[in-house]
Every structure is written in structure tokens, then in C-alpha cells.
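First the structure, in the form of C-alpha cells, and then the observations on it.
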Amino acid sequence: MKSIYAIFRAGLAFIGFLSVLFIGASAGGVFQKAADFLSTARYAQDVDYIVVLPGTGIPSGATMVRVYHTAVESRKNPHAYVIVSHKVDGPLEESTVWEIRNELVLRGVPKSKILFETKARNTHEHAKYILSAGIGDPLTDKYLIVTSPTHVRRAVMAFTAAGFKNVYARSADSAGGKEKLGRGRAVRYEIWGSAHLGIDVIREFIAIAYYKVSGWA
């Protein structure tokens, strides 16, 4: 009985240690530096294809931000095609892909410039199925991936591992201005925001490790 109690206390102490470490990393900006690393990739405006990787469905914040930045890149480079890659079950017109297509059209992307890939369920499959669908030439064409900041590095690694030679990326961040929101901004927003970022960062490093072990990156 005493040994079980000792193990329980040791477990609580370890969880407490990790919690303090996590909070300290959040307050010290460690996770932001890690996020900056994960969001670093080559960028090119003059590309042949712009690939938007949805987060979840519409109207989730992550997907809407990616759609917004995809439309911005499309306006910069009107000759490029936009590839919307996401799993579709059922009629296309009732799918997340179609909702993203409608949002892109609403933001000025011509319908004739939007292409679909409808099998992919994750980053590895986005690269795999766009390649197998024969959308463009992976050896000569340029592909710009639009995805969330912490997902940039893994997405580029996955597409490169799949056989795409000219892969670039655009970090779809939602940073706004620096309005004055009163005293306590750091406690009310920045530390908590950093803690949330920390969860994304840790998850992403685990995902990258898994992709490397699986040969997907």
C-alpha cells in the first residue's frame, strides 16, 4: 500500500514539475521561438500551383485564415491554379471542399482556376494524392503550400519526400494590429496564447518525428 502511495506522490510531483516547466516556457517565449522554426520555409510568388491545406471544416478559424491567404496569393499570381485538397464523402457540392471553393470565389479566385483533390485525410496524403492525380509536373512546376504557421515545415517535408522538387510555403497566420487593450494584456492574452501555442508546437514536433520514422518526410 505504501509503495502505491509513493508511486502516486511521485507521479503528482512529476506532473507538477512538467506543469511548472510548461508555464515557464510559455512566459519565456520558448514556444514562440519553436513556432518560428516550424513556420520557416522558402517562399515564391511566381508559382504554378497554390495548394491550400484545410485545417478542419468551414467555417473553422484555421481553415478560414488559410482560405484568406490563398486568395491573397492568387491575386498576386492570377495565372496560378489553386488546389483544394481534402477528403470528400458524398456529393461534392455538400462537402468541405465545395465550401472552401465558394469562399475562394467570394474572395475573387476564378472558378476556372480551382482544382480539387478529394481523397486526402492528412498531410502525407495531400502530397501523395496530388502527385498521383497528375496535377502539374512535380519535377518542373512550382507549388506554394498555404497552411498554418506551425504546420509549414512538416507540409514542405511531406511534399518534398513525395517527389515534388520545387516546394514553397506561405504561413497563414492571423496576427492583427497592436491595439492598446489596457493593463494586464500579457496575463490576459500573451501568456495564455503562448501556452496554447505550446500545445501546437509539441504536437507538431511529435508529428514530424512520426513522419520521419514512417518515411513520409
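The values are calculated or read from the model by the stated rules, or taken from the named source; none is laboratory data. From a predicted model like this one, the values you see are computed outputs, not experimental measurements. Every residue, glycine among them, receives a Cβ derived from its backbone with ideal geometry; neighbour counts consider all protein chains shown.
For this structure, a couple of remarks:
- Unique match (being at pLDDT below 95 and of a type outside the set (Gly, Ala, Ser)) among PRO54, PRO110: PRO54
- Residue within segment 65-82 that is closer than 20 Å to ILE130 by Cβ, among the aromatic types (Phe, Trp, Tyr) and either at pLDDT below 90 or not assigned by TED's automatic domain parsing to the domain that holds PHE205 (or both) present: yes
- Residues located in segment 66-82, provided they are of a type in the set (Val, Ile, Thr), within 14 Å of ARG101 (Cα to Cα) and either surrounded by fewer than 18 Cβ atoms within 10 Å (Cβ to Cβ) or in contact (Cβ under 8 Å) with a residue 60 or more places away in the chain (or both): THR70
- Residue in segment 8-29 that is assigned by TED's automatic domain parsing to the domain that holds GLY198, modelled with pLDDT of 75 or more and under 30 Å from VAL146 (Cβ atoms) present: no
- Check on ALA120, within 23 Å of THR40 (Cβ to Cβ) and either more than 18 Å from the chain's Cα centre (by Cα) or outside any helix (DSSP H, G or I) (or both): no
- Any hit, segment 133-149, residues being among the charged types (D, E, K, R), assigned to a strand (DSSP E or B), farther than 21 Å from GLN45 by Cα and not assigned by TED's automatic domain parsing to the domain that holds GLY198: no
Residue-wise test of (1) at pLDDT 90 or above; (2) out of contact with any helix residue (DSSP H, G or I) (no Cβ under 7 Å at 6 or more places or on another chain); (3) within 22 Å of ASP46 (Cα to Cα); (4) not aromatic (Phe, Trp, Tyr).
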position: SER171; (1), (2), (3), (4): yes, no, yes, yes
position: GLY176; (1), (2), (3), (4): no, yes, no, yes
position: TRP192; (1), (2), (3), (4): no, yes, no, no
position: ALA195; (1), (2), (3), (4): no, no, no, yes
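- Residue satisfying all of: in segment 118-134; touching a residue at least 24 places away in the same chain (Cβ under 8 Å) and touching a strand residue (DSSP E or B) at 6+ places or on another chain (Cβ under 6 Å); surrounded by the most Cβ atoms within 10 Å (Cβ to Cβ) among these: HIS126
- Candidate set: segment 62-87, residues that are in a strand (DSSP E or B) and over 16 Å from the mean Cα position of the chain (by Cα); chosen: the one nearest to THR118 (Cα to Cα): VAL82
- Residue count for segment 100-117 satisfying the condition of being surrounded by fewer than 20 Cβ atoms within 10 Å (Cβ to Cβ), part of a helix (DSSP H, G or I) and in contact with a strand residue (DSSP E or B) (Cβ under 6 Å, 6 or more places away or on another chain): 1.
- Among the residues making up segment 151-174, those that are in contact with an Asp or Glu (Cβ under 8 Å, 6 or more places away or on another chain) and surrounded by 23 or more Cβ atoms within 10 Å (Cβ to Cβ) are HIS151, ARG170.
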